[in-house]
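To keep things clear, I will list the structure first and then write my remarks on it.
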Amino acid sequence: LTGVLDDCLCDIESIDDFNTFKIFPKIQKLQERDYFRYYKVNLKRPCPFWADDGHCSIKDCHVEPCPESKIPVGIKAGSANKYSKAANNSKELEDCEQANKLGAVNSTLSNQSKEAFIDWARYDDSQDHFCELDDERSPDAQYVDLLLNPERYTGYKGPSAWRVWNSIYEENCFKPRSVYRPLNPLAPSRGGLGSVCLFSWTGLCLEKRVFYKLISGLHASINLHLCANYLLEETWGKPRWGPNVKEFTHRFDPIETKGEGPRRLKNLYFLYLIELRALSKVAPYFERSVVDLYTGNGHEDAESKALLLDIFRDTKSFHMHFDEKSMFAGDKKGAKSLKEEFRLHFKNISRIMDCVGCDKCRLWGKLQTQGLGTALKILFSEKEIQSLPENSPSKGFQLTRQEIVALVNAFGR
């Protein structure tokens with residue numbers, strides 16, 4: 001890919017250089033620190049849109065806690081937190097090892113980590129939050145170690161995965177009049193390769209183009225990580241993961257995708273620009289002494305904050321940011337209405353993530369959606385951020401730990 005991106009003055013080469021030499025090494029380090037590696041998520045929320053497809057049909061896609069009777073006494077005594085109580089014991093597993101297979105979320109946490117989380121939550125509760133996330137206090141919400149659960153291909157595909165993305169694109173996304181997309185695997189096969197479509201932005205204003213590109217960029221990011229960390233072979237319980245060039249070609253090659261693949265990748269660069277802009281805008285929030293990246297380890301917390309502020313300095317030095325002021329800049333009534341439509345569409349997409357059948361895919365889908373949602377919240381709160389009090393928590397603009405973790409990890413992706 002080369003050249004200038006649509007709807008902004010930035011070129012791909014500049015983003016590549018800036019990211020490779022300045023941002024990526026630092027963001028990678030930040031993601032490994034305790035504050036950013038643990039994400040609290042509820043993977044048991046029911047799909048609000050269809051009832052028959054809540055879980056992946058592949059046994060390796062979901063986490064099934066071992067029944068109490070199957071857990072060795074030593075584990076029960078020594079590390080009771082290793083498995084959560086089964087919400088439904090009606091279907092016992094034949095073998096506990098199935099829970100640790102291909103797509104299973106590794107929920108192993110040390111007792112020390114568990115105690116730290118209680119401390120973090122107490123600290124979080126003392127802050128004056130802007131909003132409270134539904135998942136945080138649910139008994140089904142659990143901490144997940146993101147380093148133990150990398151985003152990768154789990155075998156989750158076909159009609160179930162297609163339905164999720166189709167619902168996002170067709171029902172919740174402003175989209176170009178015609179975009180080539182794979183044929184519906186739910187429909188009877190008609191033979192042939194699906195229709196070739198011409199790409200047209202006719203009738204779509206800047207805001208709706210931006211929305212479509214962000215969702216397309218998110219989709220491209222997820223697909224890229226699946227291709228880059230693919231199950232190449234599984235021999236005697238020793239899976240080998242690595243890049244799958246054939247799968248990458250299938251999803252992004254201009255010929256195989258009717259010219260759509262490079263556009264998908266360009267949308268990934270656009271998503272990067274939007275989240276980069278959000279990081280540069282939110283810097284004043286974190287620069288205040290009242291904001292700590294609190295884990296209880298004072299030395300590590302100070303190092304984490306110093307590294308984050310260093311990244312913010314880099315983001316401010318980038319000279320080709322997306323100008324979000326061009327959005328929602330029409331007549332006040334129309335702009336307000338469009339902004340609300342934008343917000344509701346995005347909220348709906350975050351709810352669709354609860355329809356993803358594979359727990360590991362659901363985890364990363366929810367995290368990246370929340371990260372992008374946090375970026376949008378920041379971009380639409382510039383005045384509130386600029387008027388933050390230095391020495392007290394703000395009543396106007398506030399980020400929860402969940403939002404901060406999601407923002408950094410989504411950008412890291």
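The values are calculated or read from the model by the stated rules, or taken from the named source; none is laboratory data. Please read all numbers here as calculations on a predicted model, not as lab measurements. Cβ placement follows ideal geometry from the backbone for every residue including glycine, while neighbour counts extend to all protein chains displayed. Note: accessible area is taken over every heavy atom of the protein model, side chains too, but ligands, DNA and RNA are not part of it. Shrake-Rupley method; radii C 1.70, N 1.55, O 1.52, S 1.80 Å.
Observations on the structure shown:
- Within segment 331-351, residues that are within 21 Å of Ser167 (Cβ to Cβ) and of a type outside the set (A, V, I, L, M, F, W, C) sit with their Cβ atoms under 7 Å from residues that are in a helix (DSSP H, G or I) and at pLDDT below 75, at 6+ positions apart or across chains, in these pairs: His345/Asn172; Asn348/Asn172.
- Hits in segment 304-328 - residues which are of a type in the set (A, V, I, L, M, F, W, C) and either under 25 Å from Arg37 (Cα atoms) or exposed (fewer than 11 other Cβ atoms within 10 Å of the Cβ) (or both): Ala306, Leu307, Leu308, Leu309, Ile311, Phe312
- Residue list for segment 330-363, restricted to those being of a type in the set (A, V, I, L, M) and in a loop (DSSP other than H, G, I, E, B): Val356
- Residue, farthest from the chain's Cα centre (by Cα), within segment 146-166, restricted to residues that are open to solvent by 30 Å² or more (accessible area, probe 1.4 Å) and under 30 Å from Lys29 (Cα atoms): Leu148
- Filtered residue count, segment 1-41, keeping only those that are part of a strand (DSSP E or B), of a type in the set (Val, Ile, Thr) and open to solvent by less than 30 Å² (accessible area, probe 1.4 Å): 1
- Condition check for Thr369: open to solvent by less than 10 Å² (accessible area, probe 1.4 Å), among the hydroxyl-bearing types (Ser, Thr, Tyr) and either farther than 16 Å from Lys281 by Cα or part of a loop (DSSP other than H, G, I, E, B) (or both): yes
- Subset tally (residues that are open to solvent by 40 Å² or more (accessible area, probe 1.4 Å) and assigned to a loop (DSSP other than H, G, I, E, B)) for segment 240-258: 6
Per-residue answers, yes or no, for (1) touching a Lys or Arg at 6+ places or on another chain (Cβ under 6 Å); (2) among the aromatic types (Phe, Trp, Tyr); (3) closer than 21 Å to Leu5 by Cα:
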site	(1), (2), (3)
Asn223	yes, no, yes
Trp236	no, yes, no
Gly242	no, no, no
Phe248	no, yes, no
Phe252	no, yes, yes
Leu273	no, no, yes
Ser280	yes, no, yes
